[in-house]
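Asker: Please find one structure pasted underneath; my questions will follow.
Values quoted throughout were computed directly from the atomic coordinates according to the rules given, and no laboratory measurement underlies them. Because the structure is predicted, anything quoted here is derived from the model rather than measured. Because the Cβ atoms are built from the backbone with ideal geometry, glycine has one as well, and the counts that use them run over all protein chains shown.
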Amino acid sequence: MSYESAKAAFADWGVDTEAALTRLADIPISMHCWQGDDVVGFEQKSGSSGGGIQATGNHPGRARTPDELRADLEFSYRQIPGNHRLNLHAFYLDTNQKPDRDEIEFSHFAPWVDWAKDQGLGLDFNPTFFAHEKADDNLTLSHPDQGIRDFWIEHGKRSRDIAAQMGAALGTTCVNNIWVPDGYKDTPVDRMAPRRRLEASLDAMMATPHDKAKMLDAVESKLFGIGVEACTVGSHEFYMGYAIRKGTLLCLDMGHFHPTENVADKLSSVALSVGEILLHVSRPMRWDSDHVILLDDAILQIAQELVSADLLGRTHIGLDFFDATISRTAAWVIGTRNMQKALLRALLAPWDELKSAENNLDYTSRLVVTEEIKDLPYATIWAEFCNRMGVANGLSLISELDQYQARVADRN
């Protein structure tokens, strides 16, 4: 089918495909650096990952240096239509020095900023509260030892400063997302004390205000992880309350909830109480297993809620998955493009008609419309988007991915 024919088919439903394509081109997605090297990082460190973070598999081609990771990212961005961002963790510093986490500075990330300028990318940032000897107890900001808490508080302060400088250097707001692995393998007798310590540590860490045009703080909850099965100190309720009280962003990671929970359903609820939302889009299979995003119901519902509830302007979309059983660059490309495809489908829905039927309690019409529009030629609109953006699609995309993987396969 030609684009003009597909455009006419959507017009029959009152949908403007040109408007949808224009809007989609303006939605940046923050692609996560840690898919490219299996969450290893580039510092000299000791300590386990903690909190359930684990990349499984040994597919050839893992990036071993910042230059290799940047080359993989550049290839991946060339296969993804639109202009996007990079989400960088603090242990991906690029320096010949060996600072500890409480000694990191903006200069240790300057090569990333220079590269981002050259690539026309925005940067987001994350303090790294895992994979360090001072996190091996799976307690950091809530640790009973004040000295350990102070170490991580300083790391958080420096991360916020670095993020703010990144935002200033690139002229685009850097979202600094805070996640800690703190929790207990077996049932604690006192849940209040560690939560009070976590709250006080966060307050100390974020005591210095930053220009919100340069840096925004976000806090991220988790249900559980390996080693913290019985209690996670930073639960959803803890961080939702904190975000409301302190005015931070609330991060909703799709893998950080019970498998039966629908994260899309949470968006409109939390949007009533927090100003902005950070999404970490992932695909949990049994728990926070972080599989590559599919174009499945969960992703489609997330996109539909963002569009239907008019939340795109208040939501920062980031990705969070790491699969070492497949080509890492292909994982980035497939996952990011599937998020875009879901957004495109949401932008191509006849929302006025659907909402009118629902408000009139005409659930039959709502059901008929939602089912009938599934047959519309979305693939043709997506192909047009890729063509306009100058990126491969279909069989040509597979060829590009295969050829690049063959070039990097001997790294390991």
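Asker: What residue among Ala303, Ala11, Ala55 shows peak mean-square fluctuation when the chain is described by a Gaussian network model with Cα springs under 10 Å?
Answerer: Looking only at Ala303, Ala11, Ala55, the biggest GNM fluctuation is shown by Ala11.
Asker: Restrict the search to region 167-269; then list the GluC sites (Glu not before Pro) that DSSP places in a loop and that have at most 14 other Cβ atoms within 10 Å of their Cβ.
Answerer: Listed in order of number, the matching sites are Glu261.
Asker: Tell me which residues come under 5 Å, amide H to amide H, from Met215 once H is placed; ignore anything under 5 positions away on its chain.
Answerer: Cys174
Asker: Helix-only estimate, please: 222 nm mean residue ellipticity of the chain, summing -39500 (n - 2.57) across DSSP H runs of length 4 or more and dividing by its residues, to the nearest 500.
Answerer: -13500 deg cm²/dmol
Asker: If you don't mind, another one. Report the local net charge at Arg407: Lys and Arg +1, Asp and Glu -1, summed over other residues whose C-beta lies under 12 Å from its C-beta.
Answerer: Here the charged neighbours net out to -4.
Asker: Between beta-carbons, use under 10 Å as the cut-off and find the net charge around Lys246, counting Lys and Arg +1, Asp and Glu -1.
Answerer: -2
Asker: A follow-up question, please. What whole-number distance in Å separates the alpha-carbon centres of region 147-162 and region 351-412?
Answerer: Spelled out, the Cα-based centre of one part sits 42 Å from the other.
Asker: Given +1 on the Cβ of Lys and Arg, -1 on the Cβ of Asp and Glu, and no further charges, what dipole in debye does region 242-362 carry about its Cα centre, rounded to the nearest 20?
Answerer: My answer is approximately 400 debye.
Asker: Using Cα pairs closer than 8 Å and at least 6 residues apart in sequence, work out the relative contact order for region 27-349, in percent.
Answerer: 21
Asker: Mind listing the long-range amide H neighbours of Asp253? Cut-off is under 5 Å, sequence gap 5 or more, other chains count too, H placed in the peptide plane at 1.01 Å from N.
Answerer: So Asp253 has HN proximity to Ser221, His280.
Asker: Shifting gears a bit: Do any of Lys98/Lys185; Lys117/Lys212; Lys246/Lys355; Lys98/Lys134; Lys157/Lys222; Lys134/Lys222 go past 28 Å between their Cα atoms, and which?
Answerer: Lys98/Lys185; Lys246/Lys355
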